[in-house]
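The structure appears right after this line, and notes come after that.
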Amino acid sequence: MATGDYRDYKPLVLPSGVSVDRLKTDDYERFIHSSTTEPGVRLLLARDRLNPDWPYVDTKFNPNTGKDLPPDSYKVIYCWFLGRGSEAMAGHLPILDSLEGLRGDEKDDARRLFARLLENMTRAIGRVTEANRGRCVFRANRDFKAIDEKGRTIAADVNVRSAGDTFCAKGLVAEGSPAHVARGVKMLLESAPFIRGGAYGSDQGVDIAGKIGQGAKMLMQAAAELVCRKTDDRAMRHGILDRVAEFMQFVLDKHWDSGCGVFAEYLDAASGRALGYLDPGHANEFVGLGLSAVEAMEGEESWLNESRRRLIERARKEMPRILINCTRIGWNSTHHGLHKAVDNASGAVIDDDMPWWNLPETMRAAVRAVAVSQDDGLRRQCLDCFRLCHNAYFEHYLNRDKMLFPFQTRSGATGLVVDKVPAVPEGDPLYHTNLSLLDMLEVLKRL
């Protein structure tokens with residue numbers, strides 16, 4: 001197969017009863033890198049050659065059709081992609097030398113490009129916050145001012161926080177320099193009262209009036225490992241772990257009914273009652289990021305006390321069950337994928353779109369669940385969830401004509417790729433798939 005030509009790509013299909021030992025092999029790791037990490041690197045190199053003046057990760061194409069977005073798309077910066085892209089570049093830089101499928105010149109070019117992108121994007125995050133009263137808004141123009149979907153300048157709402165704020169804060173932490181880590185941690189801690197008070201996410205055009213979602217608390221879980229790895233400052237580490245533990249406890253208490261095995265994406269804001277909407281991918285993402293946070297908590301001995309140890313044990317016990325139940329109820333057994341939304345009691349499909357991102361997030365969560373489960377039956381069920389998502393992703397989502405970049409959305413009714421955009425019109429900057437699977441490989445090495 002010529003470099004960059006993936007028309008002869010063949011998926012690796014895992015059989016029933018796949019074992020941890022099989023997933024720990026060099027061949028399996030090689031397959032993951034050859035079908036996700038390496039083509040992702042090549043794609044960003046190719047995009048940079050096409051648009052060398054664009055200073056950030058360039059995924060301004062429609063993954064469902066493969067077509068480039070119009071030139072006007074370069075007038076828009078999706079600020080949460082600055083954060084996602086920063087975290088992705090920081091995650092890829094240390095492993096470039098280990099990627100056997102890349103030539104030496106490709107590694108050198110990627111090292112230079114990714115370092116430049118990381119610098120540009122973290123600098124842009126600072127410019128965005130300066131231009132928008134401390135906010136990392138959802139969408140901005142090239143002058144970093146918040147804009148609406150028509151490109152009109154708008155005032156940033158300082159009475160809310162959103163995923164843009166969290167992703168940009170994590171991107172700063174991932175970059176790793178002391179000033180950026182401190183700024184990122186400050187942003188994360190500043191967002192906590194907004195998350196606690198339900199004032200999160202409403203500036204992205206998503207109508208969640210009257211509902212409290214678990215997504216903001218789930219995203220905070222991802223900060224635990226990053227902060228604990230990137231700083232020696234005990235106060236910053238403990239401050240983040242305090243908030244992560246608080247939000248983990250809340251989700252397990254309020255969004256998860258362990259008695260009947262039901263997970264709710266939303267609570268009614270007035271009554272606190274769990275609602276019937278389940279986003280299986282978000283639930284499984286909570287498991288994967290939550291168990292990553294558990295690992296960070298366990299490594300912070302001076303932070304632990306009896307109540308925090310009880311929370312860790314509860315998470316280790318219950319999160320594998322969340323994964324198994326949510327994958328089971330959200331799975332499309334006809335066309336192989338996870339629905340975007342189902343009724344969490346009846347299983348009735350609410351939104352039959354099957355996005356790409358929930359599959360690698362579930363793979364990461366499944367391996368982390370295997371790592372903490374002491375029950376052989378649960379471990380087998382988690383591995384089966386892993387197998388289903390692995391096979392669906394690598395058989396149905398990779399676009400051979402776009403360097404194996406994943407299609408964003410398939411129809412649950414037909415199994416065909418549909419041109420629907422989950423959040424933004426451009427492709428993900430190697431965040432959901434690549435970072436999930438890189439984390440998965442690291443956990444597998446320790447099993």
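No value in this document is a laboratory result; all are computed from the given coordinates. Since we're looking at a predicted model, the values are computed, not measured. Cβ coordinates were reconstructed from backbone atoms using ideal geometry, including for glycine residues, and neighbour counts include every protein chain displayed.
Quick rundown of the values:
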| quantity | calculated |
| --- | --- |
| Amide H contacts under 5 Å for F405, placed H, 5+ residues apart | N399 |
| 10 Å Cβ shell holding at most 12 others, DSSP loop, trypsin sites (Lys or Arg not before Pro): longest site-free stretch of the chain | 274-447 |
| Radius of gyration and maximum dimension Dmax of the stretch 1-112, Cα, Å | 16.3, 50 |
| Reachable aspartates and glutamates from K402, criterion Cα separation under 16 angstrom, eight or more residues apart if same chain | D5, D8, E38, D48, D58, D68, D419, E426, D428 |
| Debye intensity ratio I(q)/I(0), log10, the stretch 86-220, q values 0.23 Å⁻¹ (C-alpha model) | -1.32 |
| Spin-label pair R446/R116, simplified geometry with 7 Å Cα→Cβ offset, distance in nm | 3.6 |
| Debye-sum result for the chain in log10 I(q)/I(0), which assumes one identical scatterer on each alpha carbon, at q = 0.08, 0.10, 0.12 Å⁻¹ | -0.42, -0.68, -1.03 |
| Contour excess over end-to-end distance, with Cα ends at N141 and A46 and 0.36 nm allotted per residue | 31.8 nm |
| Among F250, F167, F114: highest mean-square fluctuation, GNM of the chain, C-alpha pairs under 10 Å | F250 |
| Order of Y266, Y74, Y393 - criterion: other Cβ atoms within 10 Å of each residue's Cβ, fewest first | Y74, Y266, Y393 |
| Compactness relative to 2.2 N^0.38 Å, alpha carbon Rg of the stretch 317-427 | 1.09 |
